[in-house]
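Colleague: Quick one: the structure is below, and I'll ask about it shortly.
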Amino acid sequence: MTGSLLPGSTALNGICPYFTMFPLDFPLNILKRRARAGDVVLDPFCGRGTTNFAARLVGLRSLGVDSSPVAAAITASKLVTTPVDAILDEARRILTERVAHHIPTSEFWQWAFHPTVLDALCRFREAFLEDCTTDAHIALRGIILGALHGPKQKTFPSYFSNQSPRTYAPKPAYATRFWQERGLAPEPIDVLAVIERRAKRYYGMSYDITGAVRLADSRQADALQPEAPETRFDWVITSPPYYGMRTYIPDQWLRHWFVGGPDAVDYTNRDQVVHSSLGDFATDLRQVWRNAVDVCAEDAKMVIRFGGITDKRADPLDLIKSSLSDNGWCITTIREAGSATEGKRQADAFLRTKSKPMVEYDVWATRQ
């Protein structure tokens, strides 16, 4: 498939920053150059939905699966079609008609958000927990997730919180001390104005093709089943968690709260690939690849971007090769994908000691 994208057509991919994410160009270039009209795309570790959005940009249907409610909500927001006016109408209606019944009261919340802002966020949260099935609600939820926390802007507010990172949630004790020591009180934010600016930025274009996202554990046999029984996937493009990276929910705990989680950090790792040992990790990935084989076409191709983290002594290439043994896939090509660009690496924003990023790989495989 070929063709150029319209200016601004990729804006929606940035609706919500996420600590672990690969660039849009990775799946987009593969699908633009190699996919055929009518192909169907699967991402069993969809994260914030980059592969699904790339498929949508080139006119292909897709399914994204992730065990994180935050990931599923962000991906869903990239697959809906709704007018900006419909989003704003729903936002006004919720702010006008609803009353927040459950507002967190701990010290962190008092310093993180101005009382009027927190009240508005709780109204939205309760409205979405009651019903988030319409395109307008799904889009509005994605917009608020993206604006929930972040740095103060020099011009006009773009985030709802006190000074914070935007890709991961601040930890309560550290953040509270940070704000108190610097006298950073939360400011009243015009919530509707932030929503309106973001709605116009992200939903000013429409797309003909949509896709689906499923909140599920891809290790389970039925998690990757296509929406239509007769559908088979032609492409699997994904990036599984790197060995040792198991804090996806704790790192996103504020967004997790907004989609229904607790109002404190939860460090448990339910429904995630295990990291207890290299062997257990490879076994879990192998099960996901085996499940993917069962729902793919005979000539399907899989592309996996995989790397490692510096504090784990594990060769990412050996690990991904091990996961692809005896499960119906045959590795055809392995290419170095470089490493995170110096000066732009998200991890350096919060690590006390900057680490040297490891080389990542793109592993191509076909069905045996």
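Colleague: Among the residues of segment 175-188, is there at least one that is in a loop (DSSP other than H, G, I, E, B), in contact with a strand residue (DSSP E or B) (Cβ under 7 Å, 6 or more places away or on another chain) and buried (at least 20 other Cβ atoms within 10 Å of the Cβ)?
Modeller: no
Colleague: Could you look through segment 321-346, keep only residues that are at pLDDT 80 or above and among the acidic types (Asp, Glu), and pick out the one that is farthest from residue 26 (Cα to Cα)?
Modeller: Only one residue fits best here, namely 326.
Colleague: State which residue is farthest from residue 170 (Cα to Cα) when the search covers only segment 231-251 and only residues that are among the hydrophobic types (A, V, I, L, M, F, W, C) and part of a strand (DSSP E or B).
Modeller: Here the residue is 233.
Colleague: Do you know which residues across segment 93-120 are more than 15 Å from residue 257 (Cα to Cα), touching a helix residue (DSSP H, G or I) at 6+ places or on another chain (Cβ under 7 Å) and part of a helix (DSSP H, G or I)?
Modeller: The answer is 94, 95, 107, 111, 117.
Colleague: Return the total of residues in segment 57-75 being part of a helix (DSSP H, G or I) and crowded, with 24+ Cβ neighbours inside 10 Å.
Modeller: Residues flagged as part of a helix (DSSP H, G or I) and crowded, with 24+ Cβ neighbours inside 10 Å within segment 57-75 amount to 5.
Colleague: State the number of residues belonging to segment 271-297 that are assigned to a loop (DSSP other than H, G, I, E, B) and farther than 16 Å from residue 65 by Cβ.
Modeller: 4
Colleague: Taking residue 100 as the residue in question, decide whether it is touching a residue at least 40 places away in the same chain (Cβ under 8 Å), surrounded by fewer than 24 Cβ atoms within 10 Å (Cβ to Cβ) and not polar (S, T, N, Q).
Modeller: Here the answer is no, as residue 100 does not meet what is asked.
Colleague: Given the conditions (1) under 20 Å from the mean Cα position of the chain (by Cα); (2) assigned to a helix (DSSP H, G or I), and given that residue 123 satisfies all but one, which numbered condition is not satisfied?
Modeller: If we test residue 123 against (1) under 20 Å from the mean Cα position of the chain (by Cα); (2) assigned to a helix (DSSP H, G or I), just (1) comes out false.
Colleague: Inspect all residues belonging to segment 81-92 and state whether any of them is closer than 25 Å to residue 227 by Cβ and part of a strand (DSSP E or B).
Modeller: No, there is no match, as no residue in segment 81-92 is closer than 25 Å to residue 227 by Cβ and part of a strand (DSSP E or B).
Colleague: While we're on this one: Could you give every pair whose Cβ atoms fall below 6 Å, whose first residue belongs to segment 9-34 and is assigned by TED's automatic domain parsing to the domain that holds residue 242 and under 26 Å from residue 254 (Cα atoms), and whose second residue is polar (S, T, N, Q) and buried (at least 20 other Cβ atoms within 10 Å of the Cβ), counting only separations of at least 6 or pairs across chains?
Modeller: The qualifying pairs are 15/77; 22/239; 24/13; 24/50.
Colleague: Collect the residues in segment 165-174 that are more than 21 Å from the chain's Cα centre (by Cα) and surrounded by fewer than 18 Cβ atoms within 10 Å (Cβ to Cβ), keeping them in residue-number order.
Modeller: Hits for segment 165-174 are 173, 174.
Colleague: Here is a further query. Looking at segment 204-218, is at least one residue part of a helix (DSSP H, G or I) and over 21 Å from residue 83 (Cβ atoms)?
Modeller: Within segment 204-218, none of the residues are part of a helix (DSSP H, G or I) and over 21 Å from residue 83 (Cβ atoms).
Colleague: So in segment 1-40, with the set limited to residues that are aromatic (Phe, Trp, Tyr) and either part of a loop (DSSP other than H, G, I, E, B) or at positive phi (or both), which one is modelled with the highest pLDDT?
Modeller: 22
Colleague: Quick one: is residue 160 crowded, with 19+ Cβ neighbours inside 10 Å, among the aromatic types (Phe, Trp, Tyr), under 30 Å from residue 300 (Cβ atoms) and modelled with pLDDT of 95 or more?
Modeller: Against the criterion (crowded, with 19+ Cβ neighbours inside 10 Å, among the aromatic types (Phe, Trp, Tyr), under 30 Å from residue 300 (Cβ atoms) and modelled with pLDDT of 95 or more), residue 160 does not qualify.
Colleague: Pull up segment 285-320, narrow it to residues that are farther than 17 Å from residue 225 by Cα, in contact with an Asp or Glu (Cβ under 8 Å, 6 or more places away or on another chain) and of a type in the set (A, V, I, L, M, F, W, C), then point me to the one that is modelled with the lowest pLDDT.
Modeller: If we take residues in segment 285-320 being farther than 17 Å from residue 225 by Cα, in contact with an Asp or Glu (Cβ under 8 Å, 6 or more places away or on another chain) and of a type in the set (A, V, I, L, M, F, W, C), then 306 is modelled with the lowest pLDDT.
The values are calculated or read from the model by the stated rules, or taken from the named source; none is laboratory data. These numbers come from a predicted model, not from an experiment. We place every Cβ from the backbone using ideal geometry, glycine too, and count neighbours over all the protein chains shown.
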